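Heads up, the thing below is written out as C-alpha coordinates.
The values are calculated or read from the model by the stated rules, or taken from the named source; none is laboratory data. Everything numeric in this text was worked out from a predicted model, so none of it was measured. Because the Cβ atoms are built from the backbone with ideal geometry, glycine has one as well, and the counts that use them run over all protein chains shown. When the accessible area is computed, the model is the full protein with side chains, heavy atoms only, and any ligands, DNA or RNA have been set aside. Shrake-Rupley method; radii C 1.70, N 1.55, O 1.52, S 1.80 Å.
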Amino acid sequence: MGPADTGPSESEWARALDALARAERPLLICHVNPDGDALGSMLAVALGLSRLGRPCQASFPGPFTLPPLFDGMPGRELLTPAPEVDPTPDLVVTFDAGNAERLGELAARFFPVADDVVVLDHHASNTFFGTVHLVDAGAAATAVLADELLRRLGVPLDAEIAECLYVGVATDTGSFKYKATTPAVHGLAARLLDTGIQPDVISRRLFDTRPFGALGLFGAALERARLDPTAPGGLVWTYATQDDLARHGQTYDALESLIDIVRTAGEADVACVLKELDTGEWAVSMRSKGDVDVARVAVALGGGGHRYAAGFTGTGTAESVFAQVRAQL
Ligand code: AMP
Ligand code: MN
Ligand code: MN
(Lines give C-alpha, C1' and ligand atoms only; values in the text may rest on other atoms or scores of the structure.)
(Ligands and ions follow the chains in the order given, each with its own letter.)
Protein backbone atom coordinates (compact mmCIF):
# COMPACT_ATOMS: atom_id res chain seq x y z
CA MET A 1 0.00 0.00 0.00
CA GLY A 2 1.30 3.46 -0.83
CA PRO A 3 0.02 6.99 -0.37
CA ALA A 4 -2.37 7.47 -3.27
CA ASP A 5 -3.06 10.96 -4.61
CA THR A 6 -6.75 10.20 -4.12
CA GLY A 7 -6.45 10.23 -0.35
CA PRO A 8 -7.54 7.78 2.32
CA SER A 9 -10.36 5.34 1.58
CA GLU A 10 -13.71 5.59 3.39
CA SER A 11 -12.86 2.46 5.37
CA GLU A 12 -9.59 4.03 6.55
CA TRP A 13 -11.47 7.15 7.70
CA ALA A 14 -13.94 4.88 9.51
CA ARG A 15 -11.10 3.05 11.24
CA ALA A 16 -9.55 6.36 12.33
CA LEU A 17 -12.85 7.69 13.72
CA ASP A 18 -13.43 4.41 15.51
CA ALA A 19 -9.97 4.52 17.11
CA LEU A 20 -10.56 8.13 18.20
CA ALA A 21 -13.99 7.30 19.60
CA ARG A 22 -12.58 4.44 21.68
CA ALA A 23 -9.50 6.28 22.98
CA GLU A 24 -9.50 7.47 26.57
CA ARG A 25 -5.94 8.82 26.62
CA PRO A 26 -5.10 10.04 23.10
CA LEU A 27 -1.64 11.49 22.49
CA LEU A 28 -1.00 13.75 19.49
CA ILE A 29 2.59 14.11 18.27
CA CYS A 30 4.21 15.89 15.33
CA HIS A 31 7.66 15.85 13.75
CA VAL A 32 10.86 17.17 15.35
CA ASN A 33 11.54 20.90 14.86
CA PRO A 34 7.86 21.46 14.10
CA ASP A 35 7.02 23.72 11.19
CA GLY A 36 3.71 25.53 10.66
CA ASP A 37 2.04 22.48 9.15
CA ALA A 38 3.18 20.01 11.83
CA LEU A 39 2.23 22.30 14.69
CA GLY A 40 -0.85 23.82 13.04
CA SER A 41 -2.46 20.51 12.06
CA MET A 42 -1.74 18.98 15.48
CA LEU A 43 -3.01 21.93 17.52
CA ALA A 44 -6.13 22.21 15.33
CA VAL A 45 -7.04 18.59 16.17
CA ALA A 46 -6.06 19.08 19.84
CA LEU A 47 -8.36 22.12 20.03
CA GLY A 48 -11.08 20.18 18.19
CA LEU A 49 -10.94 17.28 20.65
CA SER A 50 -11.07 19.69 23.58
CA ARG A 51 -14.16 21.36 22.03
CA LEU A 52 -15.77 17.90 22.16
CA GLY A 53 -14.86 17.65 25.84
CA ARG A 54 -12.21 15.05 25.03
CA PRO A 55 -8.95 15.47 26.93
CA CYS A 56 -5.78 14.83 24.96
CA GLN A 57 -2.08 15.54 25.14
CA ALA A 58 0.03 17.08 22.38
CA SER A 59 3.82 17.01 22.14
CA PHE A 60 6.82 16.73 19.85
CA PRO A 61 10.30 15.17 20.15
CA GLY A 62 13.63 16.85 20.80
CA PRO A 63 14.14 20.22 22.42
CA PHE A 64 10.81 21.60 23.68
CA THR A 65 11.31 25.03 22.16
CA LEU A 66 9.45 26.78 19.38
CA PRO A 67 10.65 29.68 17.21
CA PRO A 68 9.10 33.08 18.06
CA LEU A 69 6.89 32.99 14.95
CA PHE A 70 4.66 30.53 16.84
CA ASP A 71 4.32 32.75 19.92
CA GLY A 72 0.72 33.66 19.24
CA MET A 73 -0.38 30.23 18.00
CA PRO A 74 -3.79 29.20 19.38
CA GLY A 75 -3.74 25.95 21.35
CA ARG A 76 -0.13 26.33 22.44
CA GLU A 77 -1.23 25.87 26.03
CA LEU A 78 -2.24 22.31 25.10
CA LEU A 79 1.40 21.32 24.48
CA THR A 80 3.16 19.11 27.03
CA PRO A 81 6.98 18.70 27.09
CA ALA A 82 7.82 15.16 25.91
CA PRO A 83 9.34 14.00 29.24
CA GLU A 84 6.11 14.94 31.05
CA VAL A 85 3.71 13.13 28.72
CA ASP A 86 1.46 10.47 30.37
CA PRO A 87 3.43 7.26 29.67
CA THR A 88 0.36 5.15 28.84
CA PRO A 89 -1.54 6.66 25.89
CA ASP A 90 -4.05 4.21 24.38
CA LEU A 91 -3.97 6.04 21.02
CA VAL A 92 -1.22 7.97 19.23
CA VAL A 93 -2.04 10.30 16.33
CA THR A 94 0.96 11.55 14.33
CA PHE A 95 1.07 14.73 12.24
CA ASP A 96 3.17 15.63 9.20
CA ALA A 97 5.76 12.87 9.75
CA GLY A 98 6.66 10.75 6.70
CA ASN A 99 8.47 8.17 8.80
CA ALA A 100 8.83 7.15 12.44
CA GLU A 101 12.36 8.60 12.68
CA ARG A 102 10.85 12.10 12.33
CA LEU A 103 9.09 11.45 15.66
CA GLY A 104 12.40 10.83 17.44
CA GLU A 105 12.26 9.04 20.76
CA LEU A 106 8.46 9.35 20.98
CA ALA A 107 7.88 6.56 18.44
CA ALA A 108 9.81 3.93 20.43
CA ARG A 109 8.30 5.17 23.69
CA PHE A 110 4.62 5.26 22.79
CA PHE A 111 3.91 3.11 19.71
CA PRO A 112 4.27 -0.19 21.63
CA VAL A 113 1.95 1.08 24.40
CA ALA A 114 -0.91 2.38 22.23
CA ASP A 115 -3.69 0.22 20.76
CA ASP A 116 -3.54 2.21 17.53
CA VAL A 117 -1.26 4.67 15.76
CA VAL A 118 -3.18 6.93 13.37
CA VAL A 119 -0.89 8.61 10.83
CA LEU A 120 -2.01 11.94 9.32
CA ASP A 121 0.40 12.96 6.58
CA HIS A 122 0.90 14.09 3.00
CA HIS A 123 4.44 12.94 2.15
CA ALA A 124 4.74 10.76 -0.97
CA SER A 125 7.64 9.09 0.84
CA ASN A 126 5.39 8.05 3.78
CA THR A 127 6.42 4.62 5.04
CA PHE A 128 3.00 3.66 6.52
CA PHE A 129 4.47 3.14 9.97
CA GLY A 130 1.17 3.18 11.91
CA THR A 131 -1.94 1.01 12.13
CA VAL A 132 -4.35 3.47 10.44
CA HIS A 133 -3.16 5.76 7.64
CA LEU A 134 -4.82 9.03 6.69
CA VAL A 135 -2.16 9.76 4.10
CA ASP A 136 -2.76 11.77 0.94
CA ALA A 137 0.27 12.63 -1.18
CA GLY A 138 -1.99 14.93 -3.19
CA ALA A 139 -2.85 17.10 -0.18
CA ALA A 140 -1.12 20.48 -0.01
CA ALA A 141 -0.60 20.12 3.74
CA THR A 142 -1.33 17.79 6.63
CA ALA A 143 -3.67 20.60 7.73
CA VAL A 144 -5.94 19.66 4.80
CA LEU A 145 -6.32 16.17 6.29
CA ALA A 146 -6.77 17.64 9.79
CA ASP A 147 -9.61 19.81 8.44
CA GLU A 148 -11.32 16.75 6.99
CA LEU A 149 -10.84 14.81 10.24
CA LEU A 150 -12.40 17.67 12.24
CA ARG A 151 -15.32 17.81 9.83
CA ARG A 152 -15.91 14.08 10.23
CA LEU A 153 -15.63 14.44 14.02
CA GLY A 154 -18.38 17.07 13.86
CA VAL A 155 -16.20 19.88 15.23
CA PRO A 156 -17.41 23.28 13.98
CA LEU A 157 -14.67 25.57 12.67
CA ASP A 158 -13.93 28.44 15.02
CA ALA A 159 -11.33 31.21 14.71
CA GLU A 160 -8.71 29.43 16.85
CA ILE A 161 -8.93 26.14 14.97
CA ALA A 162 -9.05 28.04 11.67
CA GLU A 163 -5.88 29.95 12.51
CA CYS A 164 -4.01 26.71 13.22
CA LEU A 165 -5.17 25.20 9.92
CA TYR A 166 -4.38 28.43 8.05
CA VAL A 167 -0.83 28.41 9.43
CA GLY A 168 -0.44 24.83 8.19
CA VAL A 169 -1.75 25.46 4.68
CA ALA A 170 -0.01 28.83 4.26
CA THR A 171 3.31 27.34 5.41
CA ASP A 172 3.27 24.34 3.09
CA THR A 173 2.03 26.22 0.02
CA GLY A 174 4.65 28.96 0.51
CA SER A 175 1.84 31.41 1.13
CA PHE A 176 -0.39 29.97 -1.62
CA LYS A 177 2.36 30.11 -4.26
CA TYR A 178 3.43 26.50 -4.81
CA LYS A 179 1.96 24.07 -7.31
CA ALA A 180 -0.12 22.30 -4.63
CA THR A 181 -2.27 25.46 -4.39
CA THR A 182 -5.39 23.97 -5.99
CA PRO A 183 -8.89 25.48 -6.17
CA ALA A 184 -9.72 23.22 -3.20
CA VAL A 185 -6.91 24.84 -1.19
CA HIS A 186 -8.34 28.29 -1.89
CA GLY A 187 -11.76 26.91 -0.99
CA LEU A 188 -10.42 25.78 2.36
CA ALA A 189 -8.69 29.14 2.87
CA ALA A 190 -12.00 30.91 2.18
CA ARG A 191 -13.78 28.80 4.81
CA LEU A 192 -10.99 29.55 7.30
CA LEU A 193 -11.12 33.32 6.60
CA ASP A 194 -14.88 33.21 7.11
CA THR A 195 -14.22 32.63 10.82
CA GLY A 196 -12.72 36.12 11.04
CA ILE A 197 -9.01 35.26 11.25
CA GLN A 198 -6.60 37.95 10.03
CA PRO A 199 -4.49 36.66 7.12
CA ASP A 200 -2.33 39.80 7.03
CA VAL A 201 -1.33 39.49 10.68
CA ILE A 202 -0.75 35.73 10.44
CA SER A 203 1.29 36.01 7.23
CA ARG A 204 3.44 38.85 8.54
CA ARG A 205 4.26 36.80 11.61
CA LEU A 206 4.94 33.65 9.56
CA PHE A 207 6.85 35.03 6.58
CA ASP A 208 7.72 38.70 6.90
CA THR A 209 9.21 39.19 10.35
CA ARG A 210 12.79 38.56 11.40
CA PRO A 211 15.26 40.18 13.80
CA PHE A 212 17.46 42.89 12.27
CA GLY A 213 20.54 40.74 12.92
CA ALA A 214 19.17 38.09 10.56
CA LEU A 215 19.69 40.53 7.67
CA GLY A 216 23.45 40.43 8.26
CA LEU A 217 23.34 36.65 8.65
CA PHE A 218 21.52 36.30 5.34
CA GLY A 219 23.99 38.74 3.78
CA ALA A 220 26.90 36.50 4.74
CA ALA A 221 25.21 33.33 3.50
CA LEU A 222 24.02 34.93 0.25
CA GLU A 223 27.47 36.35 -0.47
CA ARG A 224 28.91 32.85 -0.57
CA ALA A 225 26.13 31.38 -2.72
CA ARG A 226 27.42 29.51 -5.75
CA LEU A 227 25.75 28.76 -9.06
CA ASP A 228 26.47 25.40 -10.71
CA PRO A 229 25.10 25.71 -14.25
CA THR A 230 26.38 22.24 -15.20
CA ALA A 231 23.87 20.53 -12.85
CA PRO A 232 20.61 19.41 -14.53
CA GLY A 233 18.40 22.51 -14.68
CA GLY A 234 21.08 24.54 -12.91
CA LEU A 235 21.74 24.51 -9.20
CA VAL A 236 22.30 27.28 -6.67
CA TRP A 237 23.63 26.50 -3.22
CA THR A 238 25.05 28.00 -0.06
CA TYR A 239 25.57 27.22 3.60
CA ALA A 240 25.45 28.87 7.02
CA THR A 241 27.47 27.79 10.04
CA GLN A 242 27.05 27.95 13.80
CA ASP A 243 29.82 30.54 13.67
CA ASP A 244 27.70 32.70 11.33
CA LEU A 245 24.81 32.45 13.80
CA ALA A 246 27.03 33.47 16.73
CA ARG A 247 28.60 36.34 14.81
CA HIS A 248 25.20 37.83 13.98
CA GLY A 249 23.62 37.01 17.34
CA GLN A 250 21.05 34.68 15.78
CA THR A 251 19.57 31.29 16.61
CA TYR A 252 19.17 28.37 14.23
CA ASP A 253 15.52 29.05 13.42
CA ALA A 254 16.53 32.33 11.72
CA LEU A 255 17.85 30.16 8.85
CA GLU A 256 14.49 28.57 8.06
CA SER A 257 13.59 31.05 5.30
CA LEU A 258 17.08 31.46 3.78
CA ILE A 259 16.20 28.88 1.12
CA ASP A 260 13.29 31.08 -0.04
CA ILE A 261 15.75 33.80 -1.05
CA VAL A 262 18.38 31.46 -2.49
CA ARG A 263 15.79 29.77 -4.71
CA THR A 264 14.92 33.08 -6.41
CA ALA A 265 18.06 32.70 -8.59
CA GLY A 266 16.45 32.44 -12.04
CA GLU A 267 19.37 30.49 -13.51
CA ALA A 268 18.73 27.51 -11.23
CA ASP A 269 15.87 25.02 -11.07
CA VAL A 270 17.24 23.49 -7.89
CA ALA A 271 18.30 25.32 -4.72
CA CYS A 272 20.15 23.79 -1.80
CA VAL A 273 20.97 25.30 1.60
CA LEU A 274 23.14 23.60 4.24
CA LYS A 275 22.46 24.72 7.80
CA GLU A 276 24.95 23.66 10.44
CA LEU A 277 23.28 22.14 13.51
CA ASP A 278 24.77 22.47 17.00
CA THR A 279 25.82 18.80 16.64
CA GLY A 280 28.08 19.79 13.72
CA GLU A 281 25.82 17.94 11.27
CA TRP A 282 24.10 19.75 8.41
CA ALA A 283 20.36 20.10 7.95
CA VAL A 284 20.04 20.23 4.18
CA SER A 285 17.08 21.97 2.54
CA MET A 286 16.36 21.48 -1.15
CA ARG A 287 13.79 23.10 -3.44
CA SER A 288 12.93 22.39 -7.07
CA LYS A 289 11.01 24.54 -9.54
CA GLY A 290 10.66 21.97 -12.28
CA ASP A 291 11.74 18.56 -13.48
CA VAL A 292 14.04 17.56 -10.64
CA ASP A 293 12.34 15.49 -7.92
CA VAL A 294 14.27 16.59 -4.83
CA ALA A 295 12.43 14.03 -2.64
CA ARG A 296 14.28 11.29 -4.54
CA VAL A 297 17.60 13.01 -3.84
CA ALA A 298 16.69 13.41 -0.16
CA VAL A 299 15.50 9.82 0.27
CA ALA A 300 18.69 8.53 -1.37
CA LEU A 301 20.66 10.49 1.23
CA GLY A 302 18.60 9.27 4.21
CA GLY A 303 15.96 12.02 4.37
CA GLY A 304 12.59 12.63 2.80
CA GLY A 305 10.10 15.21 1.66
CA HIS A 306 8.11 16.22 -1.37
CA ARG A 307 8.89 16.52 -5.06
CA TYR A 308 9.45 20.27 -4.80
CA ALA A 309 10.70 20.56 -1.20
CA ALA A 310 12.80 17.99 0.62
CA GLY A 311 15.66 17.61 3.05
CA PHE A 312 18.06 15.33 4.86
CA THR A 313 20.78 15.41 7.51
CA GLY A 314 24.37 15.28 6.24
CA THR A 315 27.78 14.87 7.87
CA GLY A 316 31.20 16.10 6.76
CA THR A 317 32.31 19.42 5.35
CA ALA A 318 29.79 21.65 3.57
CA GLU A 319 31.62 20.95 0.28
CA SER A 320 31.44 17.18 0.76
CA VAL A 321 27.73 17.22 1.66
CA PHE A 322 27.03 19.39 -1.37
CA ALA A 323 29.05 16.96 -3.50
CA GLN A 324 26.70 14.15 -2.38
CA VAL A 325 23.70 16.20 -3.52
CA ARG A 326 25.41 17.03 -6.81
CA ALA A 327 26.19 13.34 -7.38
CA GLN A 328 22.52 12.37 -6.89
CA LEU A 329 21.24 14.89 -9.47
P1 AMP B 1 12.79 22.14 5.00
O2 AMP B 1 13.78 22.36 3.92
O3 AMP B 1 13.42 21.92 6.33
O4 AMP B 1 11.72 23.17 4.99
O5 AMP B 1 12.10 20.74 4.67
C6 AMP B 1 11.37 20.55 3.50
C7 AMP B 1 10.66 19.23 3.58
O8 AMP B 1 11.62 18.20 3.55
C9 AMP B 1 9.92 19.04 4.89
O10 AMP B 1 8.57 19.36 4.71
C11 AMP B 1 10.07 17.58 5.17
O12 AMP B 1 9.03 16.90 4.54
C13 AMP B 1 11.33 17.17 4.46
N14 AMP B 1 12.50 16.97 5.33
C15 AMP B 1 13.39 17.91 5.71
N16 AMP B 1 14.37 17.38 6.45
C17 AMP B 1 14.11 16.06 6.55
C18 AMP B 1 14.76 14.94 7.19
N19 AMP B 1 15.91 15.08 7.87
N20 AMP B 1 14.18 13.73 7.07
C21 AMP B 1 13.05 13.57 6.36
N22 AMP B 1 12.40 14.57 5.73
C23 AMP B 1 12.90 15.80 5.82
MN1 MN C 1 6.56 19.56 8.08
MN1 MN D 1 3.51 19.31 5.71
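Count the net charge of all other residues whose Cβ sits under 12 Å from the Cβ of residue 317, scoring Lys and Arg as +1 and Asp and Glu as -1.
With Lys, Arg at +1 and Asp, Glu at -1, the net is -3.
Please name which of 30, 92, 169 has its Cα lying farthest along the dipole of the chain towards the positive end, using unit charges on Cβ (Lys, Arg +1; Asp, Glu -1) and the Cα centre as origin.
169
Let's see if you can work this out: charge +1 on each Lys and Arg Cβ, -1 on each Asp and Glu Cβ, no other charges. What is the dipole magnitude of the chain about its Cα centre, in debye to the nearest 20?
Values: 26 positive and 43 negative charges, 83 e Å.
Using Cβ point charges on Lys, Arg, Asp and Glu, the chain gives about 400 debye.
If we count every other residue with Cβ under 10 angstrom of residue 102's Cβ, Lys/Arg +1 and Asp/Glu -1, where does the sum land?
Taking every other residue near residue 102 into account, the sum is -3.
Just from its helices, what would the mean residue ellipticity at 222 nm be for the chain, if runs of 4 or more DSSP H residues each count -39500 (n - 2.57) and the sum is divided by every residue, rounded to the nearest 500 deg cm²/dmol?
Value at 222 nm, helices only, nearest 500: -11000 deg cm²/dmol.
Between segment 98-140 and segment 64-80, how far is it from one alpha carbon centroid to the other, in angstrom?
Value for the Cα centre distance between the two parts: 22 Å.
On the accessible surface of the chain, probed at 1.4 Å, how many percent belong to carbon and sulfur atoms?
C and S atoms contribute 53 percent here.
If I take every Cα pair under 8 Å that is 6 or more residues apart in segment 123-251, average their sequence separation and divide by the length, what percent do I get for the relative contact order?
Over segment 123-251, the number comes to 18 percent.
Can you give the angle from 0 to 90° between the axis of helix 10-22 and the longest principal axis of the chain, with both taken from C-alpha atoms, to the nearest 10?
Helix 10-22 sits at roughly 70 degrees to that axis.
Whole angstrom only: what separates the Cα centroid of segment 213-284 from the Cα centroid of segment 288-329?
14 Å
From the square roots a ≥ b ≥ c of the eigenvalues of the alpha-carbon gyration tensor of segment 1-156, which class results: rounded (a/c under 1.5), prolate (a/b over b/c), or oblate?
Numbers: a/c = 1.24, a/b = 1.20, b/c = 1.04.
Judged from the Cα gyration tensor, segment 1-156 comes out rounded (a/c under 1.5).
What is segment 192-329 by shape, rounded, prolate or oblate, if you read a ≥ b ≥ c off the alpha carbon gyration tensor as root eigenvalues and call it rounded for a/c under 1.5, prolate for a/b larger than b/c, and oblate otherwise?
Oblate shape, in that a/c is at least 1.5 and b/c is the bigger or equal ratio.
So for segment 179-329, averaging the separation of alpha carbon pairs under 8 Å that are six or more residues apart and normalising by length, what relative contact order in percent results?
15 percent
Write down the accessible area per residue of segment 1-100 in Å², having rolled a 1.4 Å probe over the full set of protein chains.
40 Å²
Name the shape class, rounded, prolate or oblate, that the alpha-carbon gyration tensor gives for segment 251-299, where a ≥ b ≥ c are the square roots of its eigenvalues, rounded holds for a/c under 1.5, and otherwise prolate holds if a/b is larger than b/c and oblate otherwise.
Oblate.
Net charge near residue 268: determine it from the other residues with C-beta under 12 Å of the C-beta of residue 268, scoring Lys and Arg +1 and Asp and Glu -1.
Net local charge, residue 268 excluded: +1.
Per residue, what accessible area does segment 200-275 have, given a 1.4 Å probe and all protein chains present, in Å²?
Per residue, segment 200-275 has 49 Å² of solvent-accessible surface.
What relative contact order, as a whole-number percentage, does the chain give when Cα pairs under 8 Å and 6 or more residues apart are counted?
About 14 percent, as a whole number.
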